[in-house]
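Student: Okay, handing you the structure first.
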Amino acid sequence: MSMQDALLGAIVEIFAWQNLLAMIVGLIGGIIVGALPGLTATMGIAILIPLTFTMEPLVALGMVAGIYNGGIYGGAIPAILLGIPGTSSSIPTTFDGVPLARRGDAENALRVSAYSSAIGGIASGVALLILAPPLATVTLLFGPAEYFWVAAFGMCSIAVLLGDDALKGLVSAAIGLLIGTIGIDSVSGHERFTFDVFYLTGGFNFIVLLAGLYGIPPAINLAQAAATSALTSSGLTITRAKERFRNWRSLVPTWIRSSSIGIIVGVLPGVGGTMAAFLSYNEARRVDPDPTSFGKGSYKGIAAAECGNNADNASALIPTLTLGVPGNAVAAVIMGAFLVQGLQPGPGLFRSEPVLVYAFILQMIATAAMLFFLGGMIALRVFAPVLRLPPALIAPIVICLSVIGVYTIQNSIFDIFALLGFGILGYLLQATGFPLAPVVLGLILGPMAEQQLRLALIIARGDIVAVASSTVSLIIIGLIALVLLIPLIRFIRERLRARQNREA
Amino acid sequence: MTQNNVDEKQAPGEKPGVRAVVQDRVLAILIIVAATFFWIEAGKIRAAEAQMFPRAILILIYTLAGFLALRTFFTPSEQRAPAILTSLPAFALFVVASVIYVASVSNVGFFSASVFYMPVVAYLLGLRRHLMNLAVTIIFLVAVYVVFVVFFSRPLPREMIWGL
C-alpha cells in the first residue's frame, strides 16, 4: 500500500464518530489531568491503558492522542493562573504567565497559550507525518557520549541563561544532580545516600520534587501575603482583559522558531518537552529586540514556551514509531498502549499497519487543532475562576492538591513528607536568589547523563578522552564552553563599566 | 521570573534583608558544609564506580561555592538582599499547620484531614467570609473525590471518619 492510499484510508477512519468522540473526551480529560498539579499526561495515559483493552485500536489510540496533547497543554493553565506548572514542561510558562495574570491579562495569556500549543502540536504532527524516517536516522548518529554531552549542554544552558545569576543557577543544577543520585545505582546496584531509609532506595520521584519546588513556595508566599494583606483577592481576580490581544502576527516568528526547536528536541531520546520549552523560551528571549520584557509578562515568552513544549509531543514519537525506542516516559507509555492492541511499534509497523499508524499521526494533528476551540474555552470558563478565590483559601488548596497528587503517584506517605521538605527547601532557595528550574532539570537529566557517561566509558574501556573525541561531542562541548563563558564576559564587562563610571 | 534575585532596589513595601554579600558568604559556607556531609557519605558507597558521579558533582559544588564566596569580595558591599520572610507569624503558622496536616493524612485520611485543615488555615490567615470558606472547602473536596476516586480510581489513605 502506498503512503497516499494509507493516508486517504486514515482520513476516512479518523472521522468516524467513535474516534472523534474518543479524541474529544481524551483531550478534555488530558487538559484536566495536566492542569492538576501532581497529575501528568503520562499518568493519565498509564491509567487509561487497562480501559482500552476492549476498545477498537483506533478509538483507544485517539483517546491516547487526546490525553497526550491535552495533558501537555493543560499544564499551562495553573502555570498562568496560579504560578504552579501542572507539568514540568510548563515551568517557563510561569515566567510570563504569572506577571500577565497579576496585571489582569490572564485571559489573553490563556488564549495565547492555547493557540501556541495548538500550532506547536500541529507542526509536530506534520513533522511526524512527513519527516519520521529521515529524522529518526539523525538520532542514530548519537552514541552514549553524545547523549551525555547533550544532557550537560541542556543543564548548563538553562542554569546560565535562564536567571540573572549564572553562578547560583549552576549551584541549583548541581543540587538537582545530587538529589538525582539518591537511591540505588542503576548500574552497580549499590545504595547511595539512602541513610538506611527504605523509602530512599528508589530515589525521589521527580514529580514529588516538582510539586514541592513549584507548589509549596507559592502557597507559602500566598499565606504570608494573605496575613500581611499585601495581596488581596481583588489582585488575583481575573477581569476581562481591557484590551483583547490581537497582534497575532508578532508571534509568527516565535511560533516558527519554537516549533522547529520542539520538533528537533523531541526526536532526541530522553531530552523531552521540558528542554524544548526552556530552549524555545531562551531562544525567543535571545533574539527579541527587547529581551528585558521577558519574565515581566511577555506574550512572546508564553508563545515560545507553549509552542515549544507541544511541538515536542508528536516528534517525540518518531523514535518510538520508527525504531521501537521510546524517547521519553510518555512515549514509553504510549508504546504500551500500542502493545495492548497487539501492535509492535518499530520499522515493521509502517509496513504491516500503515492505515492505523497514519490515522494515529492524524489523530495527533487533529487533537492539537482541537485546542484552538476546547483549550481556550475550557481554560477561560472552567479554570479562570480559580483566581477569584482569596489567597487565604488558595494557599491551603494548593497544599491539598499537591498532597493528593503526590500521594497518588505511588501511594506513599513518605512522598508527601518529601513534598513538604522540598517545598521548604524551594522556598529558601527562591528567597535567596537561586532559580528552581535548574534543580528540576538536574534531577531529570542527571540520571540519564550518568548512565550515558558510564556506558560511554565502558565502550571506550575507561578512556575518558575518547568520550570527548567524536566530532558531534566536540561541537557540543564547544557550545557548552560558549555558554559558560557568557556570564564571565558579562561579569568582566560590568566591572569595566563600573570602573569607567567611577573614573568619570 | 519566579525567582527573587538579589537587587539593590527593593520593591515597594518589600522589607530589606541583610547585606547581599553577607548573605552570599553565609550561603557559600552552608553549601560547603552540606557538600562535606555528602562527601563523607559518598565514601560509604561500597562500589567505587558508584561513587564517581556523586563525587564529581560534589567537586563541582565545592568549586561553585568557592566562586560564590570569592565573588562577594568583588561586588559592592552596600547592596541589600530581599527579606527571606515577609511575615514570620504567617510563615510559622502555615508551615506548622501543613506539617500537622501531612502527618494527619496518613493517620485519619485525606478527606478527614482536609475538611479541617482548609477552613481552619484560611480562617487563621484572616478569611472571615465563613460561608465562602465552607462552600469552597466542600466543592473542592467533592471535585477531588470525583476526579481521583471516581474517574481515576486512585487509592487514597483510609478515612477514619467515613471509612471511604
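Student: Mean projection of the alpha-carbon convex hull of region A:458-504 over all orientations, in nm²?
Tutor: 4.3
Student: Which one of B:L125, B:V18, B:A103 is farthest out on the positive end of the charge dipole of region B:17-135, using unit charges on Cβ (Lys, Arg +1; Asp, Glu -1) and the Cα centre as origin?
Tutor: Positive-end residue among those listed: B:L125.
Student: What's the exposure ranking of A:W149, A:W248, going from fewest to most Cβ atoms within 10 Å?
Tutor: A:W248, A:W149
Student: Please name which of A:A10, A:A466, A:Y281 has its Cα lying farthest along the dipole of the protein assembly as shown towards the positive end, using unit charges on Cβ (Lys, Arg +1; Asp, Glu -1) and the Cα centre as origin.
Tutor: A:Y281
Student: Next up: As a check on your grasp of the helix formula, calculate [θ] at 222 nm for the protein assembly as shown: sum -39500 (n - 2.57) over DSSP H runs of n ≥ 4, divide by the residue count, round to the nearest 500.
Tutor: It comes out at -22500 deg cm²/dmol, rounded to the nearest 500.
Student: So what are the three principal axis dimensions of region A:273-315 from its Cα atoms, in whole Å, longest to shortest?
Tutor: 31, 16, 13
Student: Once you list every other residue whose beta carbon is under 12 Å from the beta carbon of A:S188, what net charge do they have if Lys and Arg are +1 and Asp and Glu are -1?
Tutor: That works out to -1.
Student: Mind listing the phi-derived Karplus ³J(HN,Hα) values for region A:109-124, rounded to whole Hz, using 6.51, -1.76 and 1.60 with θ = phi - 60°, and x for any glycine or proline?
Tutor: Couplings: 4, 5, 5, 4, 5, 5, 5, 5, 4, 4, 5, x, x, 5, 4, 5 Hz.
Student: Using a simple charge model, +1 on the beta-carbon of Lys and Arg, -1 on the beta-carbon of Asp and Glu, nothing else, what dipole does the protein assembly as shown show about its Cα centre, in debye to the nearest 20?
Tutor: Numbers: 39 positive and 32 negative charges, 325 e Å.
It comes to approximately 1560 debye.
Student: By its C-alpha gyration tensor, with a ≥ b ≥ c as the square roots of the eigenvalues, how is region B:34-164 shaped: rounded for a/c under 1.5, else prolate for a/b larger than b/c, else oblate?
Tutor: Oblate, since a/c reaches 1.5 and b/c is not below a/b.
Student: Work out the mean other chain Cβ neighbour count within 10 Å for the residues of B:43-51 and drop it here as an integer.
Tutor: Averaged over the peptide's residues, the number is 6.
Student: How large is the Kirkwood hydrodynamic radius of region A:397-504, counting all unique pairs of alpha carbons, in Å?
Tutor: 18.6
Student: How about region B:41-133: which GluC sites (Glu not before Pro) there are in a DSSP loop, with at most 10 other Cβ atoms within 10 Å of their Cβ?
Tutor: Those satisfying the criteria are B:E78.
Student: Only counting other Cβ atoms within 10 Å, I'd like A:R285, A:R244 sorted with the fewest neighbours first.
Tutor: With the sparsest Cβ surroundings first, the list reads A:R244, A:R285.
Student: A further question follows. Using modelled amide H (1.01 Å from N, peptide plane; none on Pro or chain starts), what sits under 5 Å from the amide H of B:R80, excluding residues fewer than 5 places away?
Tutor: The list, which skips near neighbours in sequence, is B:A20.
Student: Can you give the alpha-carbon Rg of the protein assembly as shown over 2.2 N^0.38 Å, where N counts its residues? Show your work: numbers first, answer last.
Tutor: Numbers: Rg = 24.5 Å, N = 668, 2.2 N^0.38 = 26.1 Å.
With N residues counted in the protein assembly as shown, Rg over 2.2 N^0.38 Å equals 0.94.
Student: Run the numbers for B:L85 and B:Y62: contour at 0.36 nm per residue of separation, minus the present Cα-Cα distance, in nm.
Tutor: That works out to 5.5 nm of additional length.
Student: Along the charge dipole of region B:43-164, Cβ charges K/R +1 and D/E -1, which of B:F148, B:A113, B:F53 sits furthest on the positive end?
Tutor: Result: B:F53, furthest along the dipole toward the positive end.
Student: Work out the mean other chain Cβ neighbour count within 10 Å for the residues of B:138-146 and drop it here as an integer.
Tutor: Neighbouring Cβ atoms belonging to other protein chains average 2 per residue here.
Student: What list do you get for A:C400, A:C156 if you sort them by fewest beta carbons within 10 Å?
Tutor: A:C156, A:C400
Student: Let me ask you something else. Hey, got the average number of other protein chain Cβ atoms within 10 angstrom for residues in A:167-178? The partial results should precede the final answer.
Tutor: Working: counts 7, 7, 2, 6, 9, 2, 3, 12, 5, 1, 7, 10.
Counting Cβ atoms of other protein chains within 10 Å of each residue's Cβ and averaging gives 6.
Each reported figure results from applying straightforward, stated rules to the coordinates on display, with no laboratory input. Just so we're clear, the structure is a prediction, and the values are computed from it rather than from any experiment. Because the Cβ atoms are built from the backbone with ideal geometry, glycine has one as well, and the counts that use them run over all protein chains shown.
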